[in-house]
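The values are calculated or read from the model by the stated rules, or taken from the named source; none is laboratory data. Note that the structure is predicted; figures quoted are calculated from it, not measured. No Cβ is skipped: glycine too gets one built from the backbone with ideal geometry, and neighbour counts run over all protein chains shown.
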Amino acid sequence: MQQKQLPTEDVDAYYIAIKELLYYIKAKKHYYSNTAKAQIFISGLRPNLATSVTLFLSKTLAAANERAKILLQQPNPTEKVIVKLTKAVNNMLCQLKDPSRRN
């Protein structure tokens, strides 16, 4: 099962489409965990948005939707998240190389 966000579709419309699809599937006696629902939503987002939302490990469909909407309000969501993640990783590597730099 995979619903993809259309190029001109906003996040809320895609979220509603996923919720309707999950409701239909539930009516057929198939159940997904909250995390699985979030992953279904995220995997169908446009690629640039899916990458950013994935980094936040959303545990529910609603949380993934909110994160996607927040990231869309930023100029370049993927780039900002990757820059922050890169800084955090570099900081951890420096701390591993020089234990005196630990907090």
task: Would you check if Ala13 is in a helix (DSSP H, G or I) and within 12 Å of the chain's Cα centre (by Cα)?
output: no
task: Taking only region 60-94 into account, find how many residues are at pLDDT 80 or above and over 18 Å from Asp12 (Cα atoms).
output: 11
- request: Filter region 28-58 for residues that are among the aliphatic types (A, V, I, L, M) and not in a loop (DSSP other than H, G, I, E, B) and give the result.
  value: Ala36, Ala38, Ile40, Ile42, Leu49, Ala50, Val53
- request: Taking only region 1-28 into account, find how many residues are among the β-branched types (Val, Ile, Thr), exposed (fewer than 15 other Cβ atoms within 10 Å of the Cβ) and within 14 Å of Ile42 (Cα to Cα).
  value: 1
statement: Ile25: passes all of (1) in a loop (DSSP other than H, G, I, E, B); (2) of a type in the set (A, V, I, L, M); (3) touching a residue at least 24 places away in the same chain (Cβ under 8 Å) but (1)
